[in-house]
1. Would it be correct to say that ASP448 is in contact (Cβ under 8 Å) with a residue 60 or more places away in the chain, assigned to a helix (DSSP H, G or I) and of a type outside the set (A, V, I, L, M, F, W, C)?
2. Can you find a residue in segment 210-230 that is closer than 25 Å to ALA263 by Cα and touching a Cys at 6+ places or on another chain (Cβ under 8 Å)?
3. Among the listed residues GLU107, GLU61, which satisfies the condition of being at pLDDT 70 or above and either assigned by TED's automatic domain parsing to the domain that holds ILE155 or open to solvent by less than 30 Å² (accessible area, probe 1.4 Å) (or both)?
4. Would you be able to say whether some residue in segment 415-436 is β-branched (Val, Ile, Thr), closer than 28 Å to VAL298 by Cβ and open to solvent by less than 20 Å² (accessible area, probe 1.4 Å)?
5. In segment 342-386, which residues are more than 17 Å from THR276 (Cβ to Cβ), of a type in the set (Phe, Trp, Tyr) and buried (at least 16 other Cβ atoms within 10 Å of the Cβ)?
6. So, in segment 112-140, how many residues would count as being modelled with pLDDT of 85 or more and in a strand (DSSP E or B)?
7. Please identify the pairs in which a residue from segment 337-353 that is at negative phi and in the same structural domain as SER305 (by TED's automatic domain parsing) has its Cβ atom under 9 Å from the Cβ atom of a residue that is open to solvent by 80 Å² or more (accessible area, probe 1.4 Å) and at pLDDT below 80, counting only partners at least 6 apart or on another chain.
Amino acid sequence: MIRRDLLMPLSSSVGGLMIIATLFRNHIPLHLRNLLEKYTRKLFRLLSPYIQITFPEHTGERLKKSDVYTAIQNYLIKKATTGAKKLKADTLKDNQSLILSMDDNEEVTDEFQGANLWWSSNKIVSRGMSLSIYPSTEEKRFYRLTFHKRHRDLITDTYIKHVMNDGKAIALKNRQRKLFTNNPSHNWYRYKSTKWSHVVFEHPATFDTLAMEPKKKQEIVSDLEKFSEGKEYYKKIGKAWKRGYLLYGPPGTGKSTMIAAMANFMNYDVYDLELTTVKDNSELRRLLIDTSSKSIIVIEDIDCSLDLTGQRKKAKKKDDDENEEGKGDPTKKMKKEEETKESKVTLSGLLNFIDGIWSACGGERIIIFTTNFVDKLDPALIRKGRMDKHIEMSYCCFEAFKVLANNYLDVESHPLFGTIEAMLKETNMTPADVAENLMPKSSMETPDTCLRSLIEALEEVKEEAARKKAEEEEEAKKKAEEEEEAKKKAEAKDAAKSIEEAKENGVGANGKLEEEKVNMKENGVTN
């Protein structure tokens, strides 16, 4: 228990200081108080042997979260867990454990090569009034590093780099990859809204489970590995550190699964860009700037997203004609106004997005286009240098089937494999359809049952293809006969016209006229 005789002098001293502070505040002019406080702080700085470095949370007028702040936050996680008294839970990782960090106004110590350091987490709350429609936070967070001045060179030259490298390594190890989609621009400026919304990326696809020829898969994997190690190489040749992939082929051939496998292999985030919600080229650039490094930017079914096939002039002419026809019509006028609200992203804007100056804002990015009809795309959009590697996603081959059989049935070999191999060579079936037939529909189905189901499906596809081929041949034959008949009738009509002209001019022998009439009658033409 604290002795009463010690508390009495202490309380008297505190009371005296409060009286002095009140007199100082009430009787000393403001400018003199500010001057005195200024020189008092200078005196303390001169006498204090410690140096402080501040690392704010946001840089560039709070437009972007500081990478340095994030690296420090990651670096201090372990030290905060073991040394801090006040902690806060930031996020739930993998639904298993909480990531803890220092709470506001908390301090932890660190030691580096014999130097003692103190890290503190601080927050300043502005008292200013905001007239904004949407309330915005006025909290400014920052970390403060304190150390003895004799360690200045060690801290500024070595320690801070050590913190940055460790923080980035920890972030890479613990990062939870995300799947982003772009928000409509009219929602960008609402309270706490962003240009991109995200969910946790949990797609399980890998190159081991991808149904594709092994040689082709290895070629793609090698290309991705070379790209991930190419930072200095791209810098040397003077190109932005990015790579474009064009995935093309019929629906169901695994284009989306390929993207997921790439993301899992590279440990990248995925940005699924919906072009139809982007108002113009300027918004497209701003979305690009707001993406992170180590990411895959995807535009799926690009041939359906916008009119980027070089037919814009024709489409514009058609719209102009329709506007002339519907001039003065209120219904058509309203329809036109709605159309003007649609995306105005141009082919030129998309090309600049892919490999223009703005594409160099950030590095280690992969851009992927997917399409079912590669012939519809403008050649400028998919040339090498923009879409560097073209990958055809084709129908299921036997090697791809074996991957699917192993994935779905845990079967590496079976007596029916030979039959299936022969049928796959003469039948076009997508990996998605093969997988659907291999998937057991009940606990009673065995691998043998599923394989026989696949054989039946392949037979049906083969028969359907043969039927369609026969129908197409019959249609072609019928069309050819109709064209031949039309040709004969046209020739007969021309002959009849010649006879009429001859009659009018009084020219032609009776025998010749009779011959022409007989020919016309045989061809079904009457005079």
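The values are calculated or read from the model by the stated rules, or taken from the named source; none is laboratory data. Nothing here was measured: the structure is a model prediction, and the numbers come from that model. Neighbour counts run over all protein chains shown; Cβ positions are idealised from the backbone, glycine included. Accessible surface is based on the protein model in full, side chains and every heavy atom, while ligands, DNA and RNA are left aside. Shrake-Rupley method; radii C 1.70, N 1.55, O 1.52, S 1.80 Å.
1. No: the conditions fail for ASP448.
2. yes
3. Exactly one residue qualifies, and that residue is GLU107.
4. Yes, some residue in segment 415-436 is β-branched (Val, Ile, Thr), closer than 28 Å to VAL298 by Cβ and open to solvent by less than 20 Å² (accessible area, probe 1.4 Å).
5. Residue satisfying the conditions is TRP358 alone.
6. 9
7. As it stands, the answer is THR346/ARG312; LEU347/ARG312; ASN352/TRP358, since those pairs meet every condition given.
Every residue, every condition in (1) within 30 Å of VAL434 (Cβ to Cβ); (2) under 17 Å from the mean Cα position of the chain (by Cα); (3) hydrophobic (A, V, I, L, M, F, W, C), yes or no:
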site: GLY244; (1), (2), (3): yes, yes, no
site: MET262; (1), (2), (3): yes, yes, yes
site: THR276; (1), (2), (3): no, yes, no
site: SER295; (1), (2), (3): no, yes, no
